[in-house]
1. Hey, L12 hits all of (1) part of a helix (DSSP H, G or I); (2) at pLDDT below 75 but one; which does it fall short on?
2. So which residues in region 44-73 are modelled with pLDDT under 75 and acidic (D, E)?
Amino acid sequence: METIKITSCAALICGAVFLMSSCAKDDVYHTPHPTQGALLVTTDWSDRSSESVQPVSYLLCISGRLGMSDEQSVKG
């Protein structure tokens, strides 16, 4: 009976230590804003038709969570 109590107590302590050690937060994104990540957008205008003109600037709109969107003016 005494060994069952010791075994149960040791198992509980080991389980608690294991659970508490697994709570470390590691930033997935190594950017200045680690909770949002980073987005790299590349535009290639080399295959455009002869009638179309490469824009001097355009608006990049990215849809985020909860219906929010992020807009940024892009030149070049």
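The values are calculated or read from the model by the stated rules, or taken from the named source; none is laboratory data. Quantities reported herein were computed from a predicted structural model and do not represent experimental measurements. Counting neighbours? That spans all protein chains shown, and the Cβs are built from the backbone with ideal geometry, glycine included.
1. Unmet for L12, out of (1) part of a helix (DSSP H, G or I); (2) at pLDDT below 75: (2).
2. D70, E71
Results for (1) surrounded by 10 or more Cβ atoms within 10 Å (Cβ to Cβ); (2) modelled with pLDDT of 80 or more, shown as yes or no for each residue.
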site	(1), (2)
S22	no, no
G37	yes, no
T42	no, yes
K75	no, no
